[in-house]
Every structure is written in C-alpha cells, then in structure tokens.
Amino acid sequence: MSITGSCFCGAVTYLVGERLIDARACHCSRCRKAFSGASSAYAVVQGNSHSWTSGERTLKHYKSDSGWELVFCSECGSTLAGVFEGTVHGVTLGTLNEDPNLKIERHLYVGSKASWDHIGGSAPQYSEGAID
C-alpha cells in the first residue's frame, strides 16, 4: 500500500511505498514547539520506502542536539518528516493526502504535556517514552 503526502502550500510532495506503522503522539515540550501544537502526530516509515516526489529543493532541515532532524517546507513551514542518520524515520500524519487507516497507538511524554492539553481516546499514555 502506498500513500502520498504534501505540505500546506503544495510545493513539496512525497510518497511512502509501504504501509505506515506505529502511529504515535509525543506531548513533550520540544514537540509542542516543533509542531506548533499540543503534540506531534506521526507514523513510522518502514525501511527506505519514503521518497520526495517534488519540491525537494524547497526543503529545510533542522538538526537537534540529539541527532534527530525535522524536515519542513521553507515556503509554508509545514513539518513533513523526522529524519535520523540520514533516513526518513517518520512522517507527520497531518501532511498525508489519503487516510492511512491507522490510529494513534500511544501517547508519549504525557508527564510533561501542556496543562491545556486534553488527550482523548483509549491509546496507552506513557509518562515518558514507551518501551518498543
């Protein structure tokens, strides 16, 4: 199953050739800043099944001290993917063009979530990270 995604302005598009897995939301303060919201919401890309299909020159990368990179559109600012050691690890669920047919499986770092954040649903919540 393949799925496509794009940024808000449409300048950047991508394709994931394998089914996305392990959808999660991270509520840590860093993700709140990086994703301008209550949490990040993303799913893991299997293997090397992610490819940029247009607008790759428009992409900007921000690499954190931990070695993780965020990839975003320099035109509209949409955060599109997380990269680790040069490989796309996950894509943000909000940038998908089709229904990925998955649900958030776990909430991470809820011990540091914002006081105004309300987490609904039945997915497990972990005070910090979850054991894989």
Just checking, how many residues over region 90-116 are touching an Asp or Glu at 6+ places or on another chain (Cβ under 9 Å) and within 15 Å of Leu20 (Cβ to Cβ)?
-> 4
For Glu98: the one exception among (1) among the charged types (D, E, K, R); (2) closer than 15 Å to Arg30 by Cβ; (3) surrounded by fewer than 11 Cβ atoms within 10 Å (Cβ to Cβ) = (2)
Residues of region 20-75 classified as at pLDDT below 90, within 11 Å of the chain's Cα centre (by Cα) and either of a type in the set (Phe, Trp, Tyr) or more than 21 Å from Leu102 (Cβ to Cβ) (or both), total = 2
Residues satisfying the stated conditions in region 2-19, i.e. surrounded by fewer than 21 Cβ atoms within 10 Å (Cβ to Cβ) and either among the hydroxyl-bearing types (Ser, Thr, Tyr) or farther than 14 Å from Asn101 by Cα (or both) = Ser2, Thr4, Ser6, Phe8, Cys9, Gly10, Ala11, Thr13, Leu15, Gly17
Residue in region 10-34 that is farthest from Trp116 (Cα to Cα), counting only those that are of a type in the set (Gly, Ala, Ser) and either out of contact with any helix residue (DSSP H, G or I) (no Cβ under 9 Å at 6 or more places or on another chain) or part of a helix (DSSP H, G or I) (or both) | Gly17
Just for region 1-13: of the residues that are touching a Leu at 6+ places or on another chain (Cβ under 7 Å) and in contact (Cβ under 8 Å) with a residue 60 or more places away in the chain, which one is farthest from Glu128 (Cα to Cα)?
-> Val12
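The values are calculated or read from the model by the stated rules, or taken from the named source; none is laboratory data. Everything quoted here is computed from the prediction, not taken from an experiment. Note: ideal-geometry Cβ built from the backbone for every residue, glycine included; neighbour counts use all protein chains shown.
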